[in-house]
1. So what are the ³J(HN,Hα) numbers for the range A:160-168, from phi and the Karplus equation (6.51, -1.76, 1.60; θ = phi - 60°), rounded to whole Hz, Gly and Pro as x?
2. Relative contact order of chain A, please, whole-number percent, based on alpha carbon pairs below 8 angstrom and at least 6 residues apart.
3. So, in nm, how far is label residue A:337 from label residue A:199 when the simple model puts each one 7 Å beyond its Cα toward the Cβ?
4. Rounded to a whole number of µm²/s, how large is the Stokes-Einstein D of the range A:319-417 at 10 °C and 1.306 mPa s, given Rh as the Kirkwood radius over C-alpha pairs?
5. Grab the DSSP H runs of chain A that are 4 residues or longer, score each as -39,500 (n - 2.57), total them, divide by all residues and round the 222 nm result to the nearest 500 deg cm²/dmol.
6. In chain A, with Lys and Arg counted as +1 and Asp and Glu as -1 at Cβ, which of these residues, A:354, A:64, A:221, has the Cα nearest the positive end of the dipole, that is, farthest along it?
7. Whose amide H sits under 5 Å from the amide H of residue A:15, counting only residues 5 or more places off or on another chain, with H placed in the peptide plane?
8. I want to check the label-to-label distance for residue A:77 and residue A:23. Put each point 7 Å from Cα in the C-beta direction and report it in nm to one decimal.
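Values in this text are rule-based calculations from the coordinates and carry no lab data. Owing to the predicted nature of the structure, the values given are computational and were not obtained by experimental measurement. Methodologically, a virtual Cβ is constructed for each residue, glycine included, from the backbone with ideal geometry; neighbour enumeration extends over all protein chains shown.
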Amino acid sequence: MNLAEKQTEFDFKIRRKGDPHFLLMRSGVITTPHGRIETPAFIPVATRATIKGVSPEIMHSLGAQALLANAYHLRLRPGEDILDSAGGLGRFMNWNGPTFTDSGGFQVMSLGVGFKKVIAMSVEESSTAEKLAPKKKEQLAFIDQDGVTFKSHLDGGILRFTPEISLEVQHAIGADIMFAFDELTTLLHSRQYQVESLEVRTHPWGIRSLQAHAELTKKRAKKPYQALFAVLQGANFEDLRRQTARYLAHAQVDGLDFDGFGIGGALEKERLAEIIGWCADELNSADAEEKPRHLLGISAVSDLFSGVENGVDTFDCVSPAREARNGALYTPSKRINIKNAKYRADFTPIDDRCDCYTCAHYTKAYLAHLIKSGEMFGATLATIHNERFILQLVDNMRKSIQNGNYQEFKEQFFANS
RNA sequence: GGCGGAUUGCCAGAGUGGUCAAUUGGGCUUGACUGUAAAUCAAGUGUCCUUUAGCUACGCAGGUUCGAACCCUGCAUCCGCCA
């Protein structure tokens, strides 16, 4: 079986596209060796091969179609060889569906200059963000042209990541969809830096990722095909975003091209829709319309709408889980902080219209007690609720696109909120 | 009954003459969280308020001093040890 044939194990079919209001919007099906993903879809994040506090079986029951883990974290612990021996990420964690891995590219930023997440902030926040950026000596990631040197956040040990290493790790982990190793810049970086980052790192690293992927795919010929997505950077500059999309859409090594695209990096909050639109439009023009697009690390409700409307097929984000653990629970009208005093004796569910396990059985008062007490069951219940909320929202978006009543669904959603 | 030690803000616990409305924890209140260094982090927490100003506060009542949470006297309560 040659590379091109291998590649057909991965497939994306658009079922319905375009809407009078949103020309880029679409709904389809991604097929992977471990199952299908109906899009648009939200992919919960299981960084260390677990959704913290919630079993894969429950995640499945909440409507999760796939999960996303992280190559950096899994390489540190338990080591990709363990996942390989276990039969891959899905087998290892008892998840039967499709899986994604991030390349470790996010850690280039989050362990580097990006202390508090400096990706999707508003312009007014940028001065604050500057203060938040760590001093050089606190940084744990150091970038050079060839790759990134990490100081392990676990034991300080030196860890090297290059596109080749990332792909080797990701192949061993065995996820169905992998991402190219990229540099995630921040809005604090100058345009000049963004240009340099693309030309000297993200683009060449993309090609090297693809090259490594081609070799590894040949070497691991008996394994199911693992798809590789390029990552589009370019911050909030239209010319850079378009240029990158075009460049990576045409990239090819040994007859192998990217199977899909991740949209990542510094996104000015207020211009998210526009920025995604540039990427999608350019990918369409570059004859890459029939390849899936993943918006990396986004799940705020308004951002999900923006993404879907501008041609995003899949999303992932840690927020539903992390915010749940920290007591922020989603409801159609707003996010509530369950730790607030007013919920101490509120014996109603988080959201009486929610169909999740938590809302069916537990009250706000109980949740408030558990979360404030630091009880792990509280984190579990809260995470179940938030993940269900986002999964269901995106599911409903998909259904409404397929039914041709997206606009109606959207209006209704915001009317109820 | 005698000797010794204690009593500080919601709790624990620093502070032993002015720089103390009082260090630090915890609790409590409110925020934040977008490819997870996050079950994390930040701010606030006597009162009145426009304040760098007042007022009230370190068991209670007096006293010494320009000035007291801090020194002295008495009282109350608690804890040791000896009878």
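1. Karplus-based 3J(HN,Hα) across the range A:160-168 equals 10, 10, 10, x, 5, 5, 4, 5, 4 Hz.
2. Answer for chain A is 17 percent.
3. Between residue A:337 and residue A:199, the simple spin-label model gives 4.6 nm.
4. The estimated diffusion coefficient comes to 114 µm²/s.
5. Per the formula, -12000 deg cm²/dmol.
6. After comparing all options, I get A:354.
7. Excluding prolines and chain starts, which carry no amide H, the hits are A:27, A:28, A:29.
8. It is 5.0 nm.
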